[in-house]
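Derivation of every value follows stated rules applied to the coordinates shown; laboratory data play no part. Since the structure is predicted, the reported quantities are computational estimates derived from the model, not experimental observations. Quick reminder, even Gly has a Cβ in these numbers, built from the backbone with ideal geometry, and neighbours come from all protein chains shown.
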Amino acid sequence: MNTGDTAWVLVSAALVLLMSPGLAIFYGGMTRVKSMLNMMMMSFGALALVGVLWVLFGYSIAFGTDAGGGLFGNPFEDFGLHNLLATDGSMPLVGTIPEIVFVGFQGVFATVTVALVSGAIADRAKFGSWMVFAGLFAVLVYFPVAHWVFDSKKDASGTFIGGWLNHLGLIDFAGGTAVEVLAGAAGLALALVLGKRVGFGKDPEHRPHNLPLVMLGAGLLWFGWFGFNAGSALAANGEAGFAWINTLVAPCAAVLSWLVVERVRDGHATSFGAASGAVAGLVAITPSCATIDPLWAIVLGIVAGGVCALAVGLKYRLGFDDSLDVVGVHLVGGIVGTLFIGLAADPAAPVPGQGLFYGGGFALLGTQALGTGAVLVYSFGVALGLGLAIKAVMGFRVARDVEEAGVDLVIHAETAYAAHAVPAGVGGGFHPLGVRHTVETILEQHLEKLHQPGVTRTAAHSEGVLAGMVPAGTVGP
């Protein structure tokens with residue numbers, strides 16, 4: 001065991017863990033003011049649930065002894081991590097670090113990946129339904145795909161016994177396919193299942209309500225991403241340093257590229273564009289951060305920033321409501337970054353490859369395309385099936401009046417800002433219809449609905465209208 005490597009991976013795991021609250025802040029600032037807490041709760045809920053599932057059997061599915069032709073590991077091999085202490089008290093190692101440290105590092109990857117999906121369904125999803133989806137999606141999609149991509153084990157004879165995409169030679173250092181493409185494809189599926197928000201493409205209320213929080217969240221994501229990428233070296237060495245510098249420069253280039261696109265297209269560069277550009281660059285460099293040199297990382301950042309800046313508008317042209325641009329940034333950015341390896345992979349890099357520009361022909365590009373397509377199709381298909389099943393069994397989308405009132409108050413009995421503390425104009429000079437939406441006014445609107453013919457108190461409670469905010473017995477049928 002190398003104590004320096006162990007310390008670095010532990011710190012990296014903590015940095016990746018920080019990405020979940022960073023994502024919650026980033027997404028929270030992008031939503032309507034009355035959906036902010038629900039959005040943040042979906043990130044925290046995914047963190048809590050997937051963390052437990054990972055320790056129980058997720059790690060075994062992802063990194064246990066292969067039990068399905070490179071598709072998944074034995075889910076019972078390390079159930080509850082009971083096998084990670086040897087009988088003599090020594091701890092098994094992965095490389096130069098204890099396996100239990102590796103478990104923790106990979107576990108926080110799982111939690112943030114599932115949380116990413118939630119951005120596609122902001123403002124309109126039932127929290128309970130989301131939690132059911134998050135658990136099933138982690139088990140059926142993320143854990144197996146992590147095995148496909150990341151598990152590179154060989155047995156004592158040198159025979160490969162890991163994931164099938166890893167065996168084919170897919171290069172994905174930190175999760176361009178297993179994290180970004182996977183989350184983006186699932187986000188697209190759920191956006192189609194839940195449908196468009198009320199007023200999609202027309203209501204200015206759907207613009208980010210708190211841009212400072214968006215920028216703060218993007219900054220926290222960027223900070224955590226150094227652990228995400230450089231920590232994937234699993235050692236404090238030059239490979240980690242190589243990944244670190246690319247994780248710095250690619251997002252920088254992507255920010256500049258996104259801002260240029262905004263300036264040319266819209267006439268002004270925005271803080272929201274800067275934050276989005278940074279995330280797009282981080283997404284794109286994730287699979288290639290140890291495989292392409294820094295000059296190519298700059299090129300990749302420029303390409304990813306520009307392409308993603310244009311891609312986020314596709315939802316209006318194609319008619320799907322990807323609320324917080326999970327598809328335009330994570331799916332598209334992940335595809336760009338993964339395929340770019342097939343062009344610019346450097347044989348002299350810490351994780352070597354021979355891309356087209358280095359005389360490798362189209363072989364590596366074909367492998368990267370196959371891996372990307374396989375993860376995209378599988379994640380989209382399973383997420384679509386899960387979403388439709390949950391919709392049929394328990395409902396996935398809130399009722400229209402709940403959406404209009406705000407899911408924070410109705411579902412969680414809370415608001416992000418104190419009553420009377422949300423002025424018209426918050427969030428860049430506007431607020432929905434220029435009206436102060438407070439706890440009192442929202443409740444008043446729903447109390448009026450309770451007295452309409454055919455609306456009973458029981459029905460109102462079943463929709464969560466009162467959400468515990470009005471004492472029992474104060475409202476008649």
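Here are some notes:
- Charging the Cβ of each Asp and Glu at -1 and of each Lys and Arg at +1, and nothing else, the dipole of the chain about its Cα centre rounds to 1080 debye.
- Close amide H partners of ARG397, meaning residues 5 or more places away or on another chain with modelled amide H under 5 Å apart, are LYS126.
- Euclidean distance between Cα centres, the range 98-159 to the range 1-52, Å: 13 Å
- Partners for LYS391 among lysines (Cα-Cα distance below 16 Å; same-chain residues under 8 apart left out): LYS126, LYS196
- Dipole-positive endmost among VAL179, THR96, TRP164 within the chain (Cβ charges, Cα centre): VAL179
- Table column - 3J(HN,Hα) (Hz), the range 407-414, Karplus curve with 6.51, -1.76, 1.60, x for Gly and Pro: 6, 4, 5, 6, 8, 10, 6, 9
- Extreme residue, positive dipole direction of the chain, given options ALA413, GLY231, ILE298 (C-beta unit charges): ALA413
- A cut-off of 5 Å between modelled amide H atoms, ignoring neighbours fewer than 5 places along the same chain, links VAL94 with GLU99.
- Here the Karplus curve 6.51 cos²θ - 1.76 cosθ + 1.60, taken at θ = phi - 60°, turns the phi angles of the range 136-153 into couplings of 5, 5, 4, 6, 8, 10, 5, 4, x, 5, 4, 5, 3, 8, 9, 7, 10, 5 Hz, with x standing for Gly and Pro.
- Residue-averaged 222 nm ellipticity for the chain, from DSSP H runs of 4+ at -39500 (n - 2.57), nearest 500: -18000 deg cm²/dmol
- Near ILE161, the amide H atoms lying under 5 Å from its own belong to LYS153, LYS154, ASP155; only residues 5 or more places off or on other chains count, and H is placed 1.01 Å from N.
- In order along the range 43-53, the phi-based Karplus estimate (6.51 cos²θ - 1.76 cosθ + 1.60, θ = phi - 60°) of 3J(HN,Hα) comes to 5, 5, x, 5, 4, 5, 5, 5, x, 5, 4 Hz; Gly and Pro are listed as x.
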